[in-house]
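Would you mind keeping the following structure in view while I ask a few things?
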Amino acid sequence: MSTSKFTIDVAPLAINVNFKTVKTRDIAFGYDPFSGDGATTDFTLSAQCKLNGIVVFINGVLAKQGTEGNSSSGLYYLNSTRKKIIFFTAPAGETGSLSADEIVAFYAKA
């Protein structure tokens with residue numbers, strides 16, 4: 001492990017940040033955009049994601065992930081194959097409408 005130091009010194013403020021280099025694995029990430037239509041609750045990812053390796057945004061706001069069968073736990077959950085996000089309530093909008101919810105999923109590919 002190596003350590004590097006980065007310093008910003010602007011009077012009267014000084015910020016010191018120490019970086020440590022840690023050996024990592026290569027991780028492939030996926031990105032899938034979707035649009036709500038007011039009826040669809042299931043959205044298929046282009047690749048399987050890692051367990052706990054997904055974040056979903058609706059109209060730029062982070063959506064809380066829940067658990068299957070518990071709608072009070074969050075807005076969506078992953079199905080058992082981790083290839084599909086399923087919303088408890090369909091994201092709003094009509095296909096091609098400017099008022100459609102924009103959904104973006106970022107995830108670590110399995």
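Go through segment 33-55 and report how many residues are in a strand (DSSP E or B) and touching a Phe, Trp or Tyr at 6+ places or on another chain (Cβ under 6 Å).
6
Checking residue 86 against (1) in a strand (DSSP E or B); (2) buried (at least 16 other Cβ atoms within 10 Å of the Cβ), which single condition isn't satisfied?
(2)
Could I ask something else about it? Can you report the number of residues in segment 56-83 which are aliphatic (A, V, I, L, M), part of a strand (DSSP E or B) and surrounded by 13 or more Cβ atoms within 10 Å (Cβ to Cβ)?
Total satisfying the criteria: 4.
Let me ask something else about it. Please go through segment 38-55 and give me each residue that is exposed (fewer than 13 other Cβ atoms within 10 Å of the Cβ) and either modelled with pLDDT under 90 or more than 13 Å from residue 107 (Cα to Cα) (or both), ordered by number.
Scanning segment 38-55 gives 39, 42, 51, 52.
While we're on this one: Pairs, please: C-beta under 8 Å, at least 6 apart or cross-chain, first residue aliphatic (A, V, I, L, M) and in segment 26-42, second at pLDDT 90 or above and in a strand (DSSP E or B)?
Listed by first residue and then by second, the contacts come to 27/108; 27/109; 28/108; 28/109.
Still on this structure: Taking the condition of being surrounded by fewer than 18 Cβ atoms within 10 Å (Cβ to Cβ) and outside any loop (DSSP other than H, G, I, E, B), how many residues in segment 89-107 meet it?
The total comes to 3.
Still on this model: Which one is modelled with the highest pLDDT, of the residues in segment 26-37 that are touching an Asp or Glu at 6+ places or on another chain (Cβ under 9 Å) and either more than 19 Å from residue 102 (Cα to Cα) or surrounded by 11 or more Cβ atoms within 10 Å (Cβ to Cβ) (or both)?
The qualifying residue modelled with the highest pLDDT is 34.
The values are calculated or read from the model by the stated rules, or taken from the named source; none is laboratory data. On a predicted model such as this, the values are computed, not experimentally measured, just so you know. All Cβ positions, even for glycine, are placed from backbone atoms using ideal geometry, and neighbour counts span all protein chains on display.
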